Amino acid sequence: MQVNFVDVKSQNRILKPKLLKRFGDVIDSCDFILGEDVRCFENEFAEYCGAKFAVGVNSGTDALFLALLSLGIGRGDEVICPVYTYIATALSISYTGAKPVFVDIDERTFNLNADKLESKINKSTKAIIAVHLFGQPANLEKIMDVAKRHKIKVIEDAAQAHGALIEKSTNRWRRVGAIADLGCFSFYPTKNLSGCGDGGIILTNEKKIYEKLLMLRDQGRKGNHRYLHYIMGYNARLDSLQAAMLREKLPYLEESNKQRQKSAKLYSELLETIPGVVVPYVDKSVKHVFHIYALLIRERDQVHKKLIDKGIKTAIIYHLPLHLQKTYKNLKYKKGDFPVAEKIAKNILCLPMHAFLTNKQVRYVAESLNGIMGIISVQKRKKQ
Ligand SMILES: Cc1ncc(COP(=O)(O)O)c(C=O)c1O
């Protein structure tokens, strides 16, 4: 049996007639740049997440970059982010001229360890980027509490967590991206909500920040005058074709997240008793949307190869944490500085996960993994 790691095709195939109709309407209208579909999608996504304002941009990376700029962050400033995340989180900080300051992660959730935050804060610290890694919300309550005490801002990197929820108080849930000062999303084609190219969005509840973001993404323009520019802005607009596709897909996000959660539950039930396998921990106060289903596993590289031989596409994500990437050698971190991230990076293995995974495929993956772990442990015992 063949089991793909992601499935970009199925949803697009099902929705193709509706998508083509929407694309046709955009082409006929020639409303390509910041058109009606962009405005509508911004409103619809803001409403879905429970935010007041949304600004569509051309990628998740630019969403983070512009969010930082909207807070006035630049050279001489420091911004804290987890050391274990996709590199775009840190790159967005570097693009502003500020210095990324890394913090180790929590061993169970793989998210920023809020207990290690305070020691990294100094008078240059202007913001914290909290990443909701793999679709599991970060510990925003604690992070925002620390930030409030030090009068610094919090940006949510929700690029992997469309629709994820945090329990605010008993049975009152809030969607990620609309909780901190700003929330940033990516619509890269493999994401839980995806376009047919690059795209992103920034959420905020503050009108002043919103107005600045509108100028930042559109070459410093304000209002309808095409040739009046007020600040150093960028060409970072979400285009109408992407927005049209995202509008068509947004109503299906809840259902596809539920499918992911169902597959994740079945994986965990089937795998949690296998020696040498640690299934994802999910905090009770969050709803994880499983952009990625990540195991910690003994003999990871061997298991990875053997699963691929059985037609199961697994992935080793972020095998080198950010402090060990050549891009950041100027920051002078060394091996051993972030022991949890380094340990996770050595043991992580991500199983196939998407909204079209069948129970049969999940069972096949789990049975194959079980068999492989059994063979490996017999071989190990023989060697001893
Ligand atoms: C955690 C995280 N942040 C930021 C980004 C950047 O998004 P984009 O690829 O749309 O620029 C990604 C994309 O994979 C991501 O996973």
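Bear in mind these aren't lab numbers, they're just calculated from the coordinates by the rules spelled out. As the structure is a prediction and not an experimental result, all values here were calculated from the model. FYI the Cβ positions are ideal-geometry reconstructions off the backbone, even for glycines, and counts take in every protein chain you see.
Computed over every Cα-Cα pair of the chain and binned at 20 Å starting from 0, the pair-distance distribution P(r) comes out as 28, 56, 15, 1 percent. The smallest convex shape that holds all Cα atoms of the range 55-162, its convex hull, gives 92 Å³ per residue. Using Cα atoms only, what is the angle between the long axis of helix 207-216 and the major principal axis of the chain, expressed in degrees (0 to 90) to the nearest 10? Value to nearest ten degrees: 90.
If you take all other residues with their beta carbon under 13 Å from the beta carbon of SER186, and give Lys and Arg +1 and Asp and Glu -1, the sum is -3.
The long axis of helix 240-249 is offset from the longest Cα principal axis of the chain by roughly 50 degrees.
Using the rule -39500 (n - 2.57) for each DSSP H run of four or more residues, divided by the residues of the chain, the 222 nm mean residue ellipticity is -12000 deg cm²/dmol.
Count the net charge of all other residues whose Cβ sits under 9 Å from the Cβ of ALA236, scoring Lys and Arg as +1 and Asp and Glu as -1. Surrounding charge for ALA236 is 0. The distance from the alpha carbon centre of the range 178-203 to that of the range 312-382 is 25 Å, rounded to a whole number.
The lysine pair tally for the range 118-174, using Cα distances under 16 Å and a gap of 8 or more places or different chains, is 13.
Return the ratio Rg/(2.2 N^0.38 Å) for the range 1-46, where Rg is computed over Cα atoms only. All intermediate terms of the calculation are to be shown ahead of the outcome.
Working: Rg = 14.7 Å, N = 46, 2.2 N^0.38 = 9.4 Å.
Normalised Cα radius of gyration, the range 1-46: 1.56.
Over what distance in Å are the Cα centres of the range 267-303 and the range 120-174 separated? After rounding, the separation between the Cα centres reads 23 Å.
Remind me, relative contact order of the range 252-383 in percent, using alpha carbon pairs under 8 angstrom and six or more residues apart? Kindly include the intermediate steps, with their values, before the conclusion.
Working: 143 pairs, mean separation 46.4, N = 132.
It rounds to 35 percent for the range 252-383.
For the range 282-324, the direction-averaged projected area of the alpha-carbon convex hull comes to 4.7 nm². Near LYS380, once Lys and Arg are set to +1 and Asp and Glu to -1 for all other residues with Cβ below 12 Å from its Cβ, the sum equals +3.
Beyond a 29 Å Cα-Cα separation, which of these cross-linked pairs lie in this structure: LYS116/LYS332; LYS21/LYS262; LYS9/LYS208?
LYS21/LYS262; LYS9/LYS208
Over all alpha-carbon pairs in the range 208-293, figure out the percentage whose distance exceeds 16 Å. Result: 70 percent of Cα pairs exceed 16 Å. Our Cα-only numbers for the range 267-384 put the radius of gyration and Dmax at 16.1, 48 Å.
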